[in-house]
Each structure stands twice: as C-alpha cells, then as structure tokens.
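Please treat every number below as a calculation from the coordinates, not as lab data. If you're wondering where the values come from, they're calculated on a predicted model, not measured in any experiment. Positions of Cβ are generated from backbone atoms using ideal geometry, with glycine treated the same way; all protein chains shown enter the neighbour counts.
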Amino acid sequence: MTCYVEVHCPICDSLEVNKAGFNHYRVRRYRCVNDGCITNYFMLEYRYKAYQPGVKQQVVEMAINGSGIRDTSRVFKISKTTVLSTIKNRESVLIQVNPNIKTLELSNECSVHMELTCDAAELDEQWSFVGNKSNQRWIWYAVDHATNTILAYVFGRRKDIIFKQLKALLEPFGIKRFYTDDWGAYERNIDKEKHEVGKRNTQKIERKNLNLRTWIKRLTRKTICFSKLEKMHDIVIGLLINKVEFGVDIHAKLQI
Ligand SMILES: [Zn+2]
C-alpha cells in the first residue's frame, strides 16, 4: 500500500508545491510555486524550531502581548538569543509617524486617497523604565483630538530636546491647536496662541488609559525582566503602536 501526503504551502496554503531536494540532514525540501507567495523553500519538519513557519511571527506577537524573553524561549523551545534577535530584526519595519493622516504637502496634491486630517492634537508623555526604576524611559506621543488616533511618538528622557523631536514629526500635519498637561516642555516649545493647557481638552488622550496606555503600562511592567536594553523596550512598544494604531504590517518580510 502506498501512502500519499498532501503538501500545502505553510504560508499561502497552496497545493502548487514542487519537491526541491533535501537539506543538510537529508530532510525533504519543498518549494511553493504559487505566484505572489513569499515562501521560498520549506520543509514539513524542522530540526531548528525557529525556522518553523509562523514561529517568528508568534515570537513578535508574544512580545507585544507582554511575554518576556524567557517565557517565549520556553514556549517555542528556541534560544533566548533567537527570541531577542527576532524582535530586534523587526526594528526596520517601524515608523514613528502615522502614515494615514494627511500632511500639508500631500493635501495639495492628492486629496482623494487620504481623508484623515488633523487640526487639533492632544500631547502626552508617559513614564516607564528600563532595567531599574532609576533608568527612566519616557514615551512622548500625540493623538488626533477628533479621532484619538496616535499621530506620532518618540522615546527618550523627559526633556525639551525629546519633545522637540516629537514636535518636528508633527510639523507636516499643520496642526492648529495643541492640548497638553502643564509640563513645562510644552509651554516652552509651543506657540502660545496654539497651545491650551488643562484637563478639559485632554480627555481623549487620557481615555487612552483604557486601551493603549494600559497595554503599554502592562507591557513595560510585565516585560521588565527583559527590557534591560532600551532598544528592546522601544522596539516592543513601537511594534505595538505600529500594528494597532498605524496599521503597519509588522511581520512584513524584510527587504534585503
Ligand atoms: Zn505558498
């Protein structure tokens, strides 16, 4: 009796699969020939677990859901180094500015494609730490007053110089009104006539408390055991914002 096993592509599920020789350990390799599929070669069984299709995506998803490096390494039976490098590798997909909001430059040219504009923004800075509590790390971010969508974010200390970076990122939007708390950096760096301090108009960003802020807070608290590197801390939170707020495909295949 002969047994047949249907071989599907692990990414696109297509049956258009060709045999493609053997690997180093004499395990059969396959190749997906479906047009537009990003898979090159794959195997049905992987000796090295991190190569298993989907594992790297799950490693990243676990990180933005608050799992530490050790947890992830245990679950997937891959090394901590691999977990770290998988997350670090995603740094190159990150952007700091929401690509879905119209900028002044764009609104003159192609107004058809982008409907979202931002007239007023709420700004806030949020504290977390890397490694130990004395090593403070702040995320500064702006949300659109009308839609509560994150416009841009930066990481750094609670200093004017970091706020200026955020301000520069917001420049292209042509925002006419800024609502903030009474932290001095805002007063020193925003034109008086555009600036309003107070609780009344920062309700939207305060309400972020209920979703993104709590998520980030939980993230910084739970992943504290691995956020020894500022870089890792920034990447994980950046990935969360890019995915949830900017709609970026954080698993996109890297361009080489
Ligand atoms: Zn495929």
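Quick notes on this structure:
- Rounded to whole Hz, the Karplus (6.51, -1.76, 1.60) HN-Hα couplings of the stretch 31-37, x for glycine and proline: 9, 7, 10, 5, 4, x, 7
- Tensor-based shape of the stretch 1-45 (alpha-carbon gyration tensor, a/c under 1.5 rounded, otherwise prolate or oblate): oblate
- In sequence order, calculated HN-Hα J values of the stretch 62-67 (Karplus, 6.51, -1.76, 1.60; Hz; x Gly/Pro): 5, 4, 7, 9, x, 7
- FRET E, pair ASP182, ASN135, Förster distance 22 Å, beta-carbon r, rounded to 0.05: 0.30
- Note on TYR4 and ASP160: their simple-model spin labels are 7.5 nm apart, each label 7 Å out from Cα toward Cβ.
- For HIS195, nonlocal amide neighbours, meaning residues 5 or more places apart or on other chains whose placed amide H falls under 5 Å from its own, are PHE178.
- Working note: Karplus 6.51/-1.76/1.60 with θ = phi - 60° gives the stretch 76-90 the couplings 9, 6, 10, 6, 4, 4, 5, 4, 4, 5, 5, 6, 4, 4, 7 Hz, where Gly and Pro are set to x.
- Label-point separation in nm, ALA168 to ARG47, each point 7 Å along Cα→Cβ: 4.9
- In plain terms, the residue of GLU245, GLU91, GLU6 with the fewest other Cβ atoms within 10 Å comes first and the most crowded comes last, giving GLU6, GLU91, GLU245.
- Cβ-based net charge around ASP191, under 13 Å, with every Lys or Arg adding one and every Asp or Glu removing one: +2
- Over all pairs of different C-alpha atoms, the stretch 1-155 has a mean inverse distance whose reciprocal, the Kirkwood radius, equals 20.0 Å.
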